[in-house]
1. Would you work out the charge dipole size for the stretch 271-344 about its Cα centre, treating the Cβ of every Lys and Arg as +1 and the Cβ of every Asp and Glu as -1, and quote it to the nearest 20 debye?
2. For 300, 213, which order do you get if you count the other beta carbons within 10 Å of each Cβ and list the fewest first?
3. Counting only DSSP beta bridges with both residues in the chain, tell me the antiparallel percent, nearest 5.
4. Can you give me the convex hull volume of the Cα atoms of the stretch 1-114, divided per residue and expressed in Å³?
5. I want to verify the translational diffusion coefficient of the chain in µm²/s; compute it with Stokes-Einstein, Rh as the Kirkwood radius over Cα pairs, at 4 °C and 1.567 mPa s.
6. If you average the C-alpha positions of the stretch 265-306 and of the stretch 96-133 separately, how far apart do those two centres end up, in angstrom?
7. Using alpha-carbon pairs under 8 Å, 6+ residues apart, how would you state the relative contact order of the chain in percent?
8. Summing Lys, Arg as +1 and Asp, Glu as -1, what charge do residues with Cβ under 12 Å from the Cβ of residue 324 carry, residue 324 excluded?
Amino acid sequence: MESLLRLGLKGPYQVHVSPTVLVPDERAHQVFEDFGAGLANLAIEQMRRFPPMTAVIVLRGQARSNTTLQDVVDGEWQDEDILIVPATRTDHPGGLYGLVRVVDRLLGPGGCPWDQEQTHETLKRYLIEESYELIDAIDANDDAKMHEELGDVLLQPVMHAQMERLAGSWDIDSVARFVTDKLVRRHPHVFGDLTVADSDEVLKNWDAIKSLEGSDEPKSILSGVPRSLPALLRAFEVSKRAARCGFEWPDLEGVWAKLREEEAELREAAKSGTGVAEEVGDMLFTVVNIARWLGVEPEEALRAMVDRFTSRFMAMESSAGKPMSELSFEEWDGLWDIAKRLESSEL
């Protein structure tokens with residue numbers, strides 16, 4: 001920035017243009033433009049973060065005035081006046097607030113062109129990718145990797161929130177306040193005087209409270225299930241919520257009977273060639289309900305099964321001794337048994 005170079009101030013800088021004030025990063029030179037007569041009030045606000053006697057510079061055209069934040073409070077200022085607070089720190093601020101400041105720097109004037117090009121839409125893929133990388137770290141029981149991936153996931157809501165802050169809307173603090181208020185409101189058995197018997201009752205109370213939030217009219221218990229969830233996760237969540245309000249079989253045997261019924265309907269559809277996809281869906285949803293009754297999360301169960309299959313199949317490829325496409329059924333079956341025995345011996 002030309003005015004900084006003229007003052008001999010090198011290094012990173014952060015520009016605040018009225019009425020938007022970013023989260024100041026003390027490691028960068030702070031430049032406040034177009035605040036005019038409001039410069040005194042701005043200085044008062046900044047004294048919450050910088051000491052009153054912090055050395056600052058006020059530019060008026062080519063004229064320069066060396067002063068302090070405290071003196072700025074008592075001064076009279078014109079529209080073209082620019083306040084500059086030279087960098088006061090060189091160390092990394094650290095912590096959650098430090099992350100917010102770094103993101104503000106990236107998104108604000110003088111920041112990163114790539115970050116500044118992003119939108120809520122373009123960032124969606126990174127939230128999904130980082131979440132799955134965190135899940136991989138958890139599945140691998142890799143504590144160090146989980147520590148790293150949690151940071152990558154945490155970056156995503158901070159990016160979205162600071163983008164909104166720059167647009168003059170809400171920020172990460174309001175996001176935190178919102179979820180904190182929601183947690184307190186939905187846990188009256190912890191923060192109030194309600195008594196609950198067990199976790200099932202906690203979930204029923206949660207659903208009841210949630211259905212009344214933000215509207216005088218009760219919402220459907222299923223309205224909060226995101227359509228964008230992977231189908232298996234969405235099916236499991238829909239199944240759980242429907243069961244919590246009483247839409248349920250009397251016992252597990254009833255679910256097994258439903259599975260046999262869906263199998264018969266699928267076989268009939270396969271013969272006729274009509275409605276096959278619909279019947280496959282019905283059967284899969286019934287299997288999800290069986291998993292719920294047995295206390296198994298179907299998404300996790302299927303992921304573990306695919307991992308086992310992949311491991312066994314790769315072991316078969318290593319043992320085959322010829323192209324897999326040339327194997328007979330008997331050879332496939334034999335290699336599969338060998339792969340299973342190898343897997344068992346490694347456990």
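1. With only Lys, Arg, Asp and Glu charged at Cβ, the dipole is about 140 debye.
2. Details: 300 15, 213 11.
Least crowded to most crowded, the residues run 213, 300.
3. On the way: 12 of 17 bridges.
Taking every DSSP beta bridge with both residues in the chain, the antiparallel ones total about 70 percent.
4. Working: hull volume 11.8 nm³, N = 114.
Each residue corresponds to 103 Å³ of Cα convex hull volume.
5. Values: Rh = 26.5 Å.
In µm²/s, the coefficient rounds to 49.
6. Value for the Cα centre distance between the two parts: 39 Å.
7. 9
8. Numbers: positive: 322; negative: 317, 326, 331.
Every neighbour counted, the sum reads -2.
Readers should treat all values here as calculations from the given coordinates under stated rules, not as data from a laboratory. Everything numeric here is computed off the predicted structure, so don't read it as measured data. In this analysis, Cβ positions are derived from the backbone assuming ideal geometry, glycine residues included, and neighbour counts consider all displayed protein chains.
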